[in-house]
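Beneath this line is the structure, given in structure tokens, with notes to follow.
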Amino acid sequence: MKPKRTFIIVFLAPAVLSFLLFFFYPLIRTIIMSLYFVKGVADNPALWKFVGFNNFINLFHSQLFRQSLLNIFKIWFLGGIVTIFFAMLFAGILTSGIRHKAFWRSLIYLPNTISAVALATMWIQFVFSNQDFGLFKAFFRFIGIQALADIQWTEPNFIFTSMLIAYCFGSVGYFMLILQAGIERIPVEFYEASRLEGAGIIKQFTRITLPLIRDVFRTCIVLWSIAALNFFVWSQMFSPNPDPNTITPVYYLFSVVFGSSMGTDSNFVNVGAGAAVGVILTVLVIVIYGAVNLVIPERKLEY
Amino acid sequence: MRNSTPSLKKDMRLMPEYTILLIWLIFSIITIGWIFLASFSTTREIFTNNLLKSGIHFLNYWKALVTQNVARYFLNSAIYTCTSSIGILLVSAPAAYILGRFEFKGRKMVINTFLVTMSIPTVMIIIPIFAVMTSLKLIGSMFTLIILYIVSNVPFTVYFLTSFFSTLPKELEDAAAIDGCSPYKTFWSIILPLAQNGIITVGIFNFMSVWNEYFMALIFANKTELRPLGVGLQAIVQSMRSIGDYAGLFAAVVIVFLPTFILYLILSGRIISGITGGAVKG
């Protein structure tokens, strides 16, 4: 059916306008801003001072910003391996024919539905607590491993690891759901046939499951990468003030543009530097998309 | 691996699987349960491992709700979440309907634009919006955050609903047109009721993500009267920690955690199908 033109325009207008006003315009303005020195967030563009690529150069000279990039790289790489591994493990368990599948699935997804602030507080104030009631402390003391019970989870040398553990725990459920849905689309006959041919669980996994869910796997990598680049809440919860151990680019940007003093960091009070951080993150998103497309090209499988 | 009929023999073979799940279950129950009990105890009892020894203290909740403004934050969160969840649907559903069911020039481009928008880091749009809202004198009103929640969730919702609308039978509009139904009326009284399922699913999904949003709220809700729960909780955690009121702290955590937890208990099936439906298709 050929619809009326006005009808299409009326229905599309709100969504398209919201895109143009709240995504397109700000995006362009942030890119331009990254080339300027800007003192206040709300400063009129007439007050901006053009500095070329200096904001970017200063950022890469800043110890703290470089550390923030290293931190999200570790979150992305180490956290990614741990999270996807456990997500895969749980997806496998859920599709192995266990009883009460829906219950277990809801349970593992549960942390994703809780406010990250509440979840992080639970971890910091109870699980990782150095007080006697701290869960890890009490548990390791109970089973008699004093070395583990003595770990000060929220002290500088452990805080990054603690944060990563808590974050991965909360993320596993989401990726498990996506992977599980992918596995369930594979016809059961494939597994039955391979069993008759004498294939074990490992072989079934590497020869049937993995190749057939590669597109789902791809989605997981992209989603994980975007989440890692935007990492903020957990970092701020674990370190209410920017701390080199846990800082991430978004946290750095937040402090430079909206907030707390950054000590001797030269980017402090330069909103342009904040905009430059945003541009760097966007470039990283594009790079990751490109890399994923290169390594795992999209291939629609029919089965 | 994949197999569906449970039997006792299989249960035995699946022992390792059950063990892993049980560890997760026990960890969750201990953590949530302990915090729940601690929220009804006194701080002294928490530190001496004697939870609930002197009975149940509702005072912790009273302190959190009234003294620490949690009631106010709660109300704010409810306003932000309800208004923007409806707003998101009002903007997204018509657009998704057009994109999912009609062919026109530029359709593919619009769809792709929304797809790309989903992966743009939020920080890219925050600074200019803050500047514009300041010059419009809208910083310090709830309006700013509501608008932001609407626009930031529109791309995903349009994407989700587009694929949903396109699965409805193709003949609906033709039949309605023959009966003399205008396209607007067709959308409102024929298509929307049929799309109820998808709309509710994505609605719940948006509800939860707005309720739990933190970053934008931290920037745009910069005073007590504007703060939603998440940002409020963060402030409370800092202050209760410094005065050492751990019982009150855990009570505040429970108040933040409970609404989405209950919603999830009732609606977990729907929420989960929303996520898998949205993510796997891409």
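The values are calculated or read from the model by the stated rules, or taken from the named source; none is laboratory data. In this text, all values refer to a predicted model and were calculated from it rather than measured experimentally. A quick note on method: Cβ atoms are made from the backbone with ideal geometry, for glycine too, and the neighbour counts reach across all protein chains shown.
Based on what the data block shows, is A:S171 in contact (Cβ under 8 Å) with a residue 60 or more places away in the chain and hydroxyl-bearing (S, T, Y)? So A:S171 fits the description; yes. In summary, B:S28 fulfils each of the numbered conditions (1) under 27 Å from the mean Cα position of the chain (by Cα); (2) more than 8 Å from chain A (Cβ to nearest Cβ) with the single exception of condition (2). Filtered by the rule that a residue be within 14 Å of chain A (Cβ to nearest Cβ) and not small (G, A, S), the range B:77-96 gives B:Y80, B:T81, B:I86, B:I88, B:L89, B:L90, B:V91, B:P94. What do you reckon, is A:L89 surrounded by fewer than 19 Cβ atoms within 10 Å (Cβ to Cβ) and under 19 Å from A:L284 (Cβ atoms)? Against the criterion (surrounded by fewer than 19 Cβ atoms within 10 Å (Cβ to Cβ) and under 19 Å from A:L284 (Cβ atoms)), A:L89 does not qualify.
Which one of B:S77, B:S92 is small (G, A, S), within 23 Å of A:L17 (Cβ to Cβ) and not assigned by TED's automatic domain parsing to the domain that holds B:S41?
Values: B:S77 fails: within 23 Å of A:L17 (Cβ to Cβ).
Within the list B:S77, B:S92, the selection yields B:S92.
Can you confirm whether A:S34 is of a type outside the set (K, R), at pLDDT 90 or above and surrounded by 16 or more Cβ atoms within 10 Å (Cβ to Cβ)? Judged against the criteria, A:S34 is a match. Just one of (1) surrounded by fewer than 14 Cβ atoms within 10 Å (Cβ to Cβ); (2) more than 13 Å from every other protein chain (Cβ to nearest Cβ) fails for B:K63. It is (1).
Under the condition of being more than 15 Å from B:V151 (Cβ to Cβ), among the aromatic types (F, W, Y) and at the interface with chain B (Cβ under 8 Å from one of its Cβ atoms), the residues counted in the range A:1-54 number 2. For the range B:160-168, check the following and say yes or no: at least one residue is touching a residue at least 12 places away in the same chain (Cβ under 8 Å) and more than 17 Å from B:A95 (Cβ to Cβ). Checked the range B:160-168: no residue is touching a residue at least 12 places away in the same chain (Cβ under 8 Å) and more than 17 Å from B:A95 (Cβ to Cβ).
In this structure, A:L12 does not satisfy being surrounded by fewer than 19 Cβ atoms within 10 Å (Cβ to Cβ) and more than 25 Å from the chain's Cα centre (by Cα). One residue alone among A:L78, A:L69, A:L64 is crowded, with 16+ Cβ neighbours inside 10 Å, at pLDDT 95 or above, more than 7 Å from chain B (Cβ to nearest Cβ) and not in a loop (DSSP other than H, G, I, E, B), and that residue is A:L69.
So in the range B:102-137, with the set limited to residues that are of a type in the set (V, I, T) and more than 15 Å from A:R29 (Cβ to Cβ), which one is surrounded by the most Cβ atoms within 10 Å (Cβ to Cβ)? In this case the residue turns out to be B:T117. Within the range B:106-132, being free of Cβ contacts under 8 Å to residues at least 40 places away in the same chain, more than 18 Å from A:V283 (Cα to Cα) and not charged (D, E, K, R) holds for B:G106, B:M109, B:V110, B:N112, B:P128, B:I129, B:A131, B:V132. On the basis of being assigned to a helix (DSSP H, G or I), touching a His at 6+ places or on another chain (Cβ under 8 Å) and not charged (D, E, K, R), does B:A247 make the cut? It is true that B:A247 is assigned to a helix (DSSP H, G or I), touching a His at 6+ places or on another chain (Cβ under 8 Å) and not charged (D, E, K, R). Note on the range A:1-39: among residues that are free of Cβ contacts under 8 Å to residues at least 60 places away in the same chain and among the basic types (K, R), the one that is farthest from B:I88 (Cα to Cα) is A:K2.
When B:F36, B:F27, B:F58, B:F74 are screened for being at pLDDT 95 or above, among the hydrophobic types (A, V, I, L, M, F, W, C) and surrounded by fewer than 20 Cβ atoms within 10 Å (Cβ to Cβ), only B:F27 passes. Say whether the condition of being assigned to a loop (DSSP other than H, G, I, E, B) and out of contact with any strand residue (DSSP E or B) (no Cβ under 9 Å at 6 or more places or on another chain) is met by at least one residue in the range A:110-117. The answer is yes, given that some residue of the range A:110-117 is assigned to a loop (DSSP other than H, G, I, E, B) and out of contact with any strand residue (DSSP E or B) (no Cβ under 9 Å at 6 or more places or on another chain).
Listed residues A:I84, A:I114; which is free of Cβ contacts under 8 Å to residues at least 60 places away in the same chain, over 16 Å from A:M163 (Cα atoms) and among the aliphatic types (A, V, I, L, M)? Give the steps one after another, and end with the answer.
On the way: A:I84 fails: free of Cβ contacts under 8 Å to residues at least 60 places away in the same chain.
Of the residues listed, the single one that is free of Cβ contacts under 8 Å to residues at least 60 places away in the same chain, over 16 Å from A:M163 (Cα atoms) and among the aliphatic types (A, V, I, L, M) is A:I114.
For the range A:98-113, residues that are surrounded by fewer than 23 Cβ atoms within 10 Å (Cβ to Cβ), under 20 Å from the mean Cα position of the chain (by Cα) and of a type in the set (A, V, I, L, M) total 1. Inclusion of A:F158 among residues that are more than 7 Å from chain B (Cβ to nearest Cβ), on the phi < 0 side of the Ramachandran plot and touching a helix residue (DSSP H, G or I) at 6+ places or on another chain (Cβ under 9 Å) is not warranted.
I need the helices (runs of 4 or more DSSP H) fully contained in the range B:139-227, keeping only those with at least 2 residues that are modelled with pLDDT under 90, within 11 Å of chain A (Cβ to nearest Cβ) and within 16 Å of the chain's Cα centre (by Cα).
Details: elements: B:142-165, B:172-178, B:183-186, B:196-211, B:215-220.
Ranges flagged: B:196-211.
Residues in the range A:273-293 that are free of Cβ contacts under 8 Å to residues at least 40 places away in the same chain and more than 10 Å from chain B (Cβ to nearest Cβ): A:V283, A:V287, A:G290, A:A291, A:N293. Just so you know, in the range A:87-106 the residues that are free of Cβ contacts under 8 Å to residues at least 12 places away in the same chain and outside any helix (DSSP H, G or I) include one that is nearest to A:L229 (Cα to Cα), and it is A:S96. On the given criteria, is A:I57 more than 9 Å from chain B (Cβ to nearest Cβ), closer than 30 Å to A:L253 by Cα and surrounded by 19 or more Cβ atoms within 10 Å (Cβ to Cβ)? No, not satisfied.
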